[in-house]
Structure formats: C-alpha cells, structure tokens
Amino acid sequence: MWEINDAVLHSLREGLLVFDPAGRLRAANDEARRLLAATPEGDVVVPEPVRALVARSEDVVDDLQVTDDRVLVVSRLTARWETRVVGTVVTLRDHTELQALTRDLDAVRGLAEVLRSQAHEAANRLQVVVTLVEAGRGEEAVGFATAELEQAQQLTDLVVAGVADPAIAALLIGKAAQGAERGVELEVEPGTELGEDVLPPRDLVTVVGNLVDNAVEAALAAEPPRWVRVGLGGGPGAVEIRVTDSGPGLREADLARAMRRGWSRKQQRLADPAGDAAHGHGLGLALVGQVVRRHGGTVGVEAPVTVDDGGGTIVVRLPLRVRAASGVGG
C-alpha cells in the first residue's frame, strides 16, 4: 500500500504539498519540486503567498498566485480524520504559458477592435472630405485631411525613430490608438530611445504594456484632460521605463502591495477609502514585479514636482541582457 501511494503521489501532473497541523511541510511530489524553488540541500521553498493560504482556516479553490518565475493556480484543502484536523493539502497547477498566451490573445483582440473603430472613423472623415470637395471648398478639405494625417503621423514617427524593437514600437502605437478610443491621450517623451534585443521582447512587452494599461485606468478615474506619458531610455547597463499619468497617483507605500497579485481598486477602497484607488488591477502589476525580480531590476514611484508630472511616475529599471562574446576562428 505504501508503494502504491508513493507511486500515485509522484505521478500526479499537479504539484502536491502536504502540511501538518503546525504548518510544517511534510511531503512534496515531483511536480511541486519542479514548480517551486529549492534550497541547495533539495528542500522545497514554499512561496510566502502559498504559506499565507496554508495559514488560513477556510478552504481555497483555484487562487491565482504569481511567484518569481511562474503563474500558479493554487488550491488549499483542510485534511480531516473523524472531525479532527490532521493537516493541509495544497495543489499547484502551472498556468505560466497559458497566461502569456491569454495576454497575447487579449492584445490581438484589442488591436482588432481598434482597427475596426478606426476604419469606421476613417469612413466618417472621408465622407467629410468628399462633402467639402463637392461643395467647392477644396482648401478646407485638404486642410482637414492633412491635420488628421499629421496628428496620427507624429506619434508614429517619434516611436519608429526612437524605438528599434519592433514589438515595443507596435505596442506603443496600438496602446495610443486604444487610449484615444477611451478618451486618453498617450504621449511618448521626445528623448525616448530603445535599442533592439536589449532585453527579451516578451518581458519588455509585459512591463510596458501592463504599466500603460494601469496608467490608462488611472487617468480615466480623474477629471479631463486625461493623458499617459511614456519614456524609454537607459543609463549605463540598464533600460529605464517611465510611465506617468494624469490620475491621482500611486503612493510609494502602496507600491509593494500593488505589485502583489490581486491588489485591486476595490480592495484599496475598502482598506483606505481616502487613498488612491486607481492603480493596481488583477495580474498586471504583479506580472511587472515578476519580470523585475527575475532580471534583478528595481521599481519605484517618483512623486510629482509640477502639474505636468500628473499624479507621479512609476519607474522601472532593468539590467541589459549580457551578450556572449563571439570569437573569430582561423
């Protein structure tokens, strides 16, 4: 019977952790060891969010948690024998790739919605131009069409000139279109410059995309004019990402809490009705924190100095990817 139970334990495709009533880890199967970090001695390192679930008295089903390198679906069940609590069982399922694919799909869907909306707007503008031409007001038709083109082209030229990474360039242009549809203007700082292949594209997209999304939500929570400003650059050996918005801002004291999975606007209102409730939504900032930790970077909040600084600026710094030196053979 012991051999059968042991074989079942280690053949499960889900990670399985068993804790005693005192919260000490007593067993971990192979999948749990793969999903979680381990000490040099081979002991499983249980992340703090999972420890917090074990300490709770009620059962939890399919709770999404972000570790330093994975997105896990965690369930917690109290084990009882004849009404007596004998321990806690925790199961872990890896949703890292699924979450990444879901984010990619959401981005494609969002871009498709923007393209449909822009096609509708383009038809309306074309109708205006045609009507002006038919009315014999050719100069006004040219002026109207030229103004529309210039406004759209300015951002594109600035992004393409300063951002060599095609994924980030496309992301910024798409986010600008999405923001415009919601009444939020996205600005790119004039000094923006980002080389190609300085960091893994998916990680850069995760950081920039989620910071911009949260900034747009924050701007929508404030009075007009609503705007988001993005700056990309770098110092010696690092990439710096700066995102400012016209919203109420995120306090430095709330940053660590905002980087945890599940920190939401609703939860902050309950915890602090007078505090900023605009930033932090779902997995976004938690995924930003995951990338920052994985690359050994930093994230902070700069308080506003002038009115142009909005509610403050979130600054992420990530070390540049180290490229292997290439030799020349003779």
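The values are calculated or read from the model by the stated rules, or taken from the named source; none is laboratory data. On a predicted model such as this, the values are computed, not experimentally measured, just so you know. Backbone-built Cβ (ideal geometry, glycine too); neighbour counts: all protein chains shown. The accessibility values were calculated without ligands, DNA or RNA, using every heavy atom of the protein model including side chains. Shrake-Rupley method; radii C 1.70, N 1.55, O 1.52, S 1.80 Å.
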Which one of these is out of contact with any Asp or Glu (no Cβ under 9 Å at 6 or more places or on another chain), among the charged types (D, E, K, R) and farther than 30 Å from residue 284 by Cα: 80, 56?
80
Name the residue, out of 199, 204, that is assigned to a loop (DSSP other than H, G, I, E, B) and surrounded by 20 or more Cβ atoms within 10 Å (Cβ to Cβ).
199
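Hey, among 231, 247, 209, which residue is modelled with pLDDT of 80 or more, over 25 Å from residue 69 (Cβ atoms), surrounded by 21 or more Cβ atoms within 10 Å (Cβ to Cβ) and within 19 Å of the chain's Cα centre (by Cα)? Before the answer, list the steps.
Working: 231 fails: surrounded by 21 or more Cβ atoms within 10 Å (Cβ to Cβ); 209 fails: over 25 Å from residue 69 (Cβ atoms).
Checking each option against the conditions leaves just 247.
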Among the residues listed as 215, 222, 167, the single one being small (Gly, Ala, Ser) and assigned to a loop (DSSP other than H, G, I, E, B)
222
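Per-residue answers, yes or no, for (1) among the hydrophobic types (A, V, I, L, M, F, W, C); (2) at pLDDT below 85; (3) open to solvent by 60 Å² or more (accessible area, probe 1.4 Å); (4) not in a helix (DSSP H, G or I):
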{"residue": "68", "(1), (2), (3), (4)": "no, yes, yes, yes"}
{"residue": "78", "(1), (2), (3), (4)": "no, no, no, yes"}
{"residue": "90", "(1), (2), (3), (4)": "yes, no, no, yes"}
{"residue": "100", "(1), (2), (3), (4)": "yes, yes, no, no"}
{"residue": "104", "(1), (2), (3), (4)": "no, yes, yes, no"}
From 186, 220, grab the single residue that is open to solvent by less than 30 Å² (accessible area, probe 1.4 Å) and within 29 Å of residue 71 (Cβ to Cβ).
186
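Being of a type outside the set (Gly, Ala, Ser) and at pLDDT 85 or above is the requirement here; does residue 185 meet it?
Yes.
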